[in-house]
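Accompanying notes for the structure given below.
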Amino acid sequence: MKHIILAAALALATAAQAQQHDWENQYVLQKNRMPARAAFMPYLNGNGDMQMSLDGEWKFNWTKTPDEQPDDFYSLSFDDTGWTTFGVPGDWEMNGYGTPIYSSSGYTFKIDPPHVMREPKKTYTAYTERNPTACYRRTFSLPASWKGKEVFVRFGAVSSAFYLYVNGQQVGYSQGSMEPAEFCLTPYLKEGDNMMAIKVMKYSDGSYLEDQDMWRIAGIHRSITLFATPKIRIADFGVRTLIDDDYRDAELVIDPKLSVCGDEKGKGYRISAMLYDADGKAVTDTALWHAAEPMLNLDKKGKILNQRNPQRGYAPYGWLKTTIKNPHKWDAEHPYLYTLKLALTDSAGNTVERAETKVGFRKVEIKDGMMLVNGKQVRLRGVNRHEMDPETGHVMTEERMVEDIRLMKQCNINAVRTCHYPNTERWYELCDEYGMYVMDETDIEEHGLRGTLASDPTWAAAFIDRTQRMVMRDRNHPSVVFWSLGNESGWGPNFAMTAAWIHEYDPTRPVHYEGAQGADNKDPEYVDVISRFYPRVQEEYLNPGVKDNNMERPENARWERLLSIARKTNDNRPVLTSEYAHAMGNALGNFKEYWDEIYSHKRMLGGFIWEWADEGIFKKRDDGKTMVAYGGDFGDVPNLKAFCVKGIVSSDRKLTPKYNEVKQVYAPMDVQLTGNRLNVVMLDNMVEMDNYRIAFNITENGKVIKKGEIKDLTVPSVKFDPAADVRLNVSIQLKSDTKWAKAGFEVKHEQFAINDRLATAFSPMSLKTGREADMKEAMEWFDIVKPHFFRAPLDNDKGFGNWIAKDWKNNRLDSPETATVKPLDAKRNADGTVTVTTTQECRYANGKITTDYVYTMDADGSVDFSATYTPEGQLPPLPCIGNTFLMDKDMTRLSWYGQGLQDSYVDRLEATGIGRWTSSVDQEYVHYPRPQSSGNHEQTVTLSLTDAKGRGYTVTTANATPFAFSALPYSEHQLSTVAHDCDLHTENNVFLNIDAAMMGLGNSSCGPGVLTKYSIPQKQHSLHVMFKRK
């Protein structure tokens, strides 16, 4: 009986194994897929002449599960007339097939590796859309000139696994959503029309390595291309530029790989190479060349094996080598590119195939705690960039990529991290051309399993497969200066393996991985840089509710201090923050402090902002409005709501105040003023001041009194009123056109106070006397005065665990009990004016704010307004302290003297300057996808708010103390209760908020909170301003 039971169990196990899907088996990564190679397309006479695009319309059938697809969809006789059509490349959910799911971390299906079809919670989208699947069909015919050639197909990226069929036969299988896959089609093709069919699954075992913070959308993200080659072909090639220790001359090393089909032996063939400069002029007198036969070594001759693949020691790299005397060097500021052309010729000297690539001569080193490029220290002024478009999803167009890189260059960004997967091949070409350092990241993230798979040997092959496919594809790009092993997946032997492989395969680049962490910041030696997420600066942070001065709230304490790591002596690797300054909503507080610290220590390498662009999806609603949708807006479960909208530009790449702040802080130079002499300090060793001009203007109370160009760093003298506020504005501009901006483009601006009279230059007009003010009008004026002790929570105010906004809510800061302690009392003054006094209280759960009001009105309706605010009790840190004045909704014309033009906060001032600014109320609010407070202006001394006929008020400080203000068409209540920007409606008032103080922004949507110095001390504050009726 035992033997029978055992036999039955074995039979069941064998049957179960036989039924296991390829796409739920971590051991099956591909079937019949060609080896990974560099990103190039072979040609014969001209680029593109041996390739054919299969992009365009395909017959298409989408289902919620794989089993719902017809079994014989790939057969030649299958009738697909009932199918719809669908564009390739294209993402299903962006075109109405299936549900987009936004998850920051955590799998959107039932966790049971390697399985993805187990039953999840009934609330999950995957409960019904268990594993969305699409089948594609189309016909194609090959050019007559391809007859007798080998034909291959290249898929740029398919998410997440797919089968390929041609003419009714299965060609192969591949997985990995962001890596290319190639197959040889020659055995499956016929003359005339051919039929290709593809079956794509959204989820596979590979999805356990793709748990990135992004929209979970599937499809064919990148192009499908056919290409043809001769029977002997250039299968791959690598290029290295080995610059000498003097950073002058370089050895160009080329490592081609040849491949043959059928009976071809390569006899008489040879491969040659020529290098051309940017003007198309040959750099070498003669071509480098090598015979093909020994390169192939099909007979495995011992002499060749001993030379090329010795039993001991390293195999030599490269078949073709030459020394290039003092080539132009490539770096992000000087992206000089040569062109390398390869040619494969037969015994008669006929060229049978060509290939080419751009070459940048550059050397990347880690030395003495610094990263060097061509011998000069480089700091990475970086940003993380997802491939996401609000209309096309993960499908990137040429126009969008060019827009991205131009905006990045204009923002003084010099580095990009391809979070968290290899990007489309064209992106790297653009980075080569425009000049951008790239941290190329492997498509590995198992966030929802923490680091489980990193130590599981059954997943080792999957780790190395993804790593090799990235490195092999991108290794010839000079812009790639770092390989990154992946993201947020723990540390274990699988990462040790991938790091070791990269170091051995490509010793020309350092390796990064933030998950490689050790005790006392002694990180594993497998990585060449110490990396951390969302660090703190050295200064003190606001920690409400923590009584022990030696403790911090968890929202702050979880983040390390980067400079403290750099100061340690137990390591000498560069220190980097691969994610920081989480730019969600109204954000980017104390950004300058980060970079003050980075420049202060040689080991500080820089950082990558999270992230480049909002990841919202444009959704057309039934009410006709277009909504910037975020998690949950499609009924997707699970989701992390608006956590996907956290870019320094919007989803459609509109600029924000955050972008301008980054541009200013990331500028490659600093400008200082000593006496009448400017000193320009270069912060980037690759940048030369000769490429820039210095324009200037000098303003007196906002009016330009002198302007021009500074050529010898000497500021011209100027006469001015000693009582006026006089400012020198300096603009560093491009002298000549570049690929990314025209001559005259401003790279950085700086402002200096020549005569700082900000607080006193604008004296308030006195109240008019001699005529009697209306006492009733004076008392009714108080109806427009409201307390302003609450702001619509920023994403940074909410943060992890709801951060400080939770304290506000628990203390009812948004809904106080209001009480009149001293009722309105009006008295007539001898000069005819009327003075009104009252004391009001806003009472909260654990405290109160008492406001004593005194204001005086004249006969014209002008008001001298004074308020004293006294916080008491156990209040949370206040977001603001001042008053809201309900102005007529027609008062939309705005001007002021203070920080501008964009909004400013005490910890985000670098992009603004003191001046006279003009705007309108409808332009003041910054439209973030999820509404929140914005539009504040710091250091203001006077403002004017009027209607189209000039009727309204001028408001001026009356106690020589600048104030903060905003003038918005929306109330804090509406901004705090409406979920989407498109649902905001203009209210019946303009809300003029004038504050004695406004708290800073901080970084706590994911990172540390507000610095203490940018919070509001719980003490008595006062506001004294004059409202002059116009």
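The values are calculated or read from the model by the stated rules, or taken from the named source; none is laboratory data. As the structure is a computational prediction, the values presented were derived from the model and not from experiment. All Cβ positions, glycine included, derive from the backbone under ideal geometry; neighbour counts span all protein chains shown.
General remarks:
- Test result for V941, surrounded by fewer than 18 Cβ atoms within 10 Å (Cβ to Cβ), of a type in the set (A, V, I, L, M), outside the structural domain of A583 (by TED's automatic domain parsing) and touching a residue at least 24 places away in the same chain (Cβ under 8 Å): no
- Looking across the range 1006-1030, the residues that are closer than 17 Å to A557 by Cβ and assigned to a loop (DSSP other than H, G, I, E, B) come down to C1006, G1007, P1008, G1009, V1010.
- Entry remark, the range 680-724: residues being more than 20 Å from E910 (Cβ to Cβ), assigned to a loop (DSSP other than H, G, I, E, B) and of a type in the set (D, E, K, R) number 5 in total.
- Taking the numbered list (1) under 28 Å from the mean Cα position of the chain (by Cα); (2) surrounded by 14 or more Cβ atoms within 10 Å (Cβ to Cβ); (3) not aromatic (F, W, Y) in turn, G518 passes all entries but (2).
- F643 aromatic (F, W, Y) and in the same structural domain as D440 (by TED's automatic domain parsing): no
- Boolean, Y428 is of a type in the set (F, W, Y), assigned to a helix (DSSP H, G or I) and either closer than 27 Å to D211 by Cα or in the same structural domain as P478 (by TED's automatic domain parsing) (or both): yes
- Selection within the range 966-986 - touching a strand residue (DSSP E or B) at 6+ places or on another chain (Cβ under 9 Å) and either over 26 Å from A997 (Cα atoms) or of a type in the set (S, T, Y) (or both): S966, Y970, S971, H980, D981, C982, D983
- Qualifying residue in the range 628-646 (condition: assigned to a loop (DSSP other than H, G, I, E, B), surrounded by fewer than 20 Cβ atoms within 10 Å (Cβ to Cβ) and free of Cβ contacts under 8 Å to residues at least 60 places away in the same chain): no
- Residues of the range 992-1030 satisfying the condition of being modelled with pLDDT of 95 or more and of a type in the set (D, E, K, R): D995, K1013, K1019, K1028, R1029
- Leading residue by the ranking (surrounded by the fewest Cβ atoms within 10 Å (Cβ to Cβ)) among those in the range 391-413 that are assigned to a helix (DSSP H, G or I) and among the aliphatic types (A, V, I, L, M): V402
- Per-region count, the range 93-133, residues in a loop (DSSP other than H, G, I, E, B) and within 17 Å of E615 (Cβ to Cβ): 6
- Residues satisfying the stated conditions in the range 723-745, i.e. among the charged types (D, E, K, R), surrounded by fewer than 16 Cβ atoms within 10 Å (Cβ to Cβ) and touching a residue at least 12 places away in the same chain (Cβ under 8 Å): K735, K739
- Unique match (being surrounded by 13 or more Cβ atoms within 10 Å (Cβ to Cβ), touching a His at 6+ places or on another chain (Cβ under 9 Å) and outside the structural domain of I413 (by TED's automatic domain parsing)) among D331, D346, D277: D277
- The sole residue among V671, V681 that is surrounded by fewer than 16 Cβ atoms within 10 Å (Cβ to Cβ), modelled with pLDDT of 95 or more and touching a strand residue (DSSP E or B) at 6+ places or on another chain (Cβ under 6 Å) is V681.
- Residue within the range 183-196 that is outside the structural domain of R466 (by TED's automatic domain parsing), at pLDDT 95 or above and buried (at least 24 other Cβ atoms within 10 Å of the Cβ) present: no
- Failed item, numbered, when E504 is tested on (1) in a loop (DSSP other than H, G, I, E, B); (2) among the acidic types (D, E); (3) without any contact (Cβ under 8 Å) to a residue 60 or more places away in the chain: (1)
- Answer residue from the range 552-592, given it is of a type in the set (D, E) and not in a helix (DSSP H, G or I) and is surrounded by the most Cβ atoms within 10 Å (Cβ to Cβ) among those: E579
- Reported count of residues in the range 756-806, each being at positive phi and surrounded by fewer than 20 Cβ atoms within 10 Å (Cβ to Cβ), is 3.
- Test set (1) more than 37 Å from the chain's Cα centre (by Cα); (2) closer than 16 Å to Q30 by Cβ - Y188 fails condition number: (2)
- Meets criteria (buried (at least 23 other Cβ atoms within 10 Å of the Cβ), out of contact with any Gly (no Cβ under 9 Å at 6 or more places or on another chain) and among the small types (G, A, S)) for S531: no
- Residues within the range 327-364 that are of a type outside the set (F, W, Y), outside any loop (DSSP other than H, G, I, E, B) and closer than 23 Å to K257 by Cβ, tallied: 16
- So G490, is it of a type outside the set (A, V, I, L, M, F, W, C), in a helix (DSSP H, G or I), within 25 Å of the chain's Cα centre (by Cα) and over 27 Å from E182 (Cα atoms): no
- Residue in the range 977-997 that is closer than 19 Å to P544 by Cβ and either in contact (Cβ under 8 Å) with a residue 12 or more places away in the chain or over 30 Å from the mean Cα position of the chain (by Cα) (or both) present: yes
- Qualifying residue in the range 106-117 (condition: over 27 Å from S455 (Cβ atoms) and modelled with pLDDT of 95 or more): no
- Flag if S531 is outside any strand (DSSP E or B) and under 24 Å from the mean Cα position of the chain (by Cα): no
- Residue list for the range 159-168, filter: in a strand (DSSP E or B) and touching a Gly at 6+ places or on another chain (Cβ under 8 Å): S159, A161, Y163, L164
- F752 satisfies every condition listed in (1) in a loop (DSSP other than H, G, I, E, B); (2) in contact with a strand residue (DSSP E or B) (Cβ under 7 Å, 6 or more places away or on another chain) except (1).
Okay, residues lined up against (1) surrounded by 12 or more Cβ atoms within 10 Å (Cβ to Cβ); (2) touching a residue at least 60 places away in the same chain (Cβ under 8 Å); (3) at positive phi; (4) not in a loop (DSSP other than H, G, I, E, B):
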| site | (1), (2), (3), (4) |
| --- | --- |
| F40 | yes, yes, no, no |
| D49 | yes, no, no, no |
| M52 | yes, yes, no, yes |
| N61 | yes, yes, no, yes |
| D67 | no, no, no, yes |
| P70 | yes, yes, no, no |
| Y74 | yes, yes, no, no |
| T81 | no, no, no, no |
